Amino acid sequence: MYQTRQLIKLCCLLWIIALTIGCDGPSTSGNNSVTINPNTSANQPTEKDLQPGLDKSPMDMSYYPVDYPKLKMTGSISEPPIARVIYSRPQKNNRLIFGDLIKYGAVWRLGANEATEIEFFRDVTISDKRVSKGRYVIYCIPQENNWKLVLNTDLYTWGLKIDSTKDEYKFSIPVSKTRFPYELFTMEFEKAGKGMQLNMEWDSVKASLPITW
Amino acid sequence: MKQLVVLFFAVTIINTTVEAQFKAPALDKSPMDMSYFPANFPILKIQNKAIDPLMCRVCYSRPQKNGRNVFGDLIEYGKVWRLGANEATEIELYKDVKINNDRLKKGRYSMYAIPFQDKWTLIFNRETDIWGAFQYDEKKDVLRTDVKLEKQQDPIEAFTLVFDKTDSGANMIMAWDDVKATLPITFIK
């Protein structure tokens, strides 16, 4: 037993050394590596002080058309975007996500930190429902075989408390298994059929919300 | 010892091959963040402590110093800087404001800065949803103002933009490396 423990310790040490050497020196900050502090608790609101550190679940932004800001920069697009989502990206960190960290049937903020925000720059149609242009909080109630997605009008809120009296639209979408687990929760738009879909992936689960206009 | 090394390499190789097989977008090197005034508005809101309404928010990306000298070197003096990284920094005002006696209507703007050694020129521009300052168009400026700088004692690693309450409104504080810039904003009642 004592020997095994020594062995594990040595392995860990070797690994850390190898990782340190592997990283390209000071130009890459530790905050950008995919394996982040295993003590991450995605559910803890963190107060921001005057010199706030980087978030453990960093924020990101996705547009449709995909990479809209870059298309605009290169001058290859002139019409306004269709949609944009702002969300935070928690990491799996060896945890089982769906059915365990995130309970089936419970409200999940579809990210971390602030409630996830989706904005439609024009009216769209989602699952045969007309959705008015504007900004919404988007959240999820995951089940094993499907997700319920909700658009809510209670904006600028932290994701742990959703005011369900302000639910505006609800959609049920099937989920599928991914071939490999996703370390980072990911939300991205993708061209699909006559419109697009909002793909959401984390761990071994993928769900897509079809959107047309 | 030999077995150990073999084990270590085997595990590392398995790990890297698994990771090489899927293409999930990685975390940004300069992660995005959001600042609000009142500060921490979403947290105050769920704690029922948000007494004042949301006045503004900024969505920006946070590059890191990484041992580099930032102003005058990495960011050249006199050139337009996107006040962050990646997408152009975006400010959304939920009320009309006054900046240096100029009125700025509520709405969504891109923000840029032209840093100099002794001041920054801050720019509010109406072209939004754009990447960086590469296509910055001066004709779409809605407001320009100069702000004073202070020296930071301890250098700040990640570019930081936050709001601080003042008697007449808020200070937007922008700090990176050893430079701190402060923009006073007055909210029009």
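Among A:Thr186, A:Thr178, A:Thr125, A:Thr165, which is out of contact with any helix residue (DSSP H, G or I) (no Cβ under 6 Å at 6 or more places or on another chain) and not in a strand (DSSP E or B)?
That would be A:Thr165, the only listed residue that is out of contact with any helix residue (DSSP H, G or I) (no Cβ under 6 Å at 6 or more places or on another chain) and not in a strand (DSSP E or B).
With respect to A:Asn199, determine if the residue is under 16 Å from A:Val107 (Cα atoms), surrounded by fewer than 18 Cβ atoms within 10 Å (Cβ to Cβ) and touching a Ser or Thr at 6+ places or on another chain (Cβ under 6 Å).
no
Please find, within the stretch B:30-56, the residue that is nearest to the chain's Cα centre (by Cα) out of those that are charged (D, E, K, R) and buried (at least 18 other Cβ atoms within 10 Å of the Cβ).
B:Asp33
Out of the stretch A:164-196, which residues are closer than 14 Å to A:Tyr63 by Cα and either surrounded by 20 or more Cβ atoms within 10 Å (Cβ to Cβ) or in contact with a Pro (Cβ under 9 Å, 6 or more places away or on another chain) (or both)?
Within the stretch A:164-196, A:Thr186, A:Met187, A:Glu188, A:Phe189, A:Lys191, A:Gly195, A:Met196 meet the criteria.
In contact with a Pro (Cβ under 8 Å, 6 or more places away or on another chain), at pLDDT below 90, within 18 Å of B:Ala26 (Cβ to Cβ) and of a type in the set (Val, Ile, Thr): is that true of A:Thr28 in this structure?
Judged against the criteria, A:Thr28 is not a match.
Looking at this structure, is B:Asp118 within 13 Å of another protein chain (Cβ to nearest Cβ) and charged (D, E, K, R)?
On the way: within 13 Å of another protein chain (Cβ to nearest Cβ): no; charged (D, E, K, R): yes.
Considered against the rule, which asks whether it is within 13 Å of another protein chain (Cβ to nearest Cβ) and charged (D, E, K, R), B:Asp118 comes out as no.
Suppose we filter the stretch B:40-57 for residues that are facing chain A (nearest Cβ under 10 Å) and farther than 20 Å from A:Asp55 by Cα; how many remain?
Total satisfying the criteria: 5.
With the stretch B:35-130 as the region, which strands (runs of 3 or more DSSP E) entirely inside it contain at least 1 residues that are among the charged types (D, E, K, R), closer than 23 Å to B:Lys180 by Cβ and in contact (Cβ under 8 Å) with a residue 12 or more places away in the chain?
Because the criterion is at least 1 residues that are among the charged types (D, E, K, R), closer than 23 Å to B:Lys180 by Cβ and in contact (Cβ under 8 Å) with a residue 12 or more places away in the chain, the strands (runs of 3 or more DSSP E) in the stretch B:35-130 that meet it are B:56-61, B:89-93, B:97-99, B:102-104, B:119-125.
Looking at the stretch A:67-100 only, could you name the residues that are assigned to a strand (DSSP E or B), closer than 20 Å to A:Leu160 by Cα and within 8 Å of another protein chain (Cβ to nearest Cβ)?
A:Ile86
Can you name the residue in the stretch B:164-181 that is touching a Ser or Thr at 6+ places or on another chain (Cβ under 6 Å) and within 13 Å of chain A (Cβ to nearest Cβ) and is also nearest to B:Leu74 (Cα to Cα) among such residues?
B:Ala175
Working only within the stretch B:111-144, note down all residues that are surrounded by 21 or more Cβ atoms within 10 Å (Cβ to Cβ) and farther than 30 Å from A:Val66 by Cα.
B:Pro115, B:Trp120
The values are calculated or read from the model by the stated rules, or taken from the named source; none is laboratory data. Since this is a predicted model, take the numbers as computed values, not measurements. For neighbour counting, all protein chains shown are included, and Cβ atoms are generated from backbone atoms with ideal geometry for every residue, glycine included.
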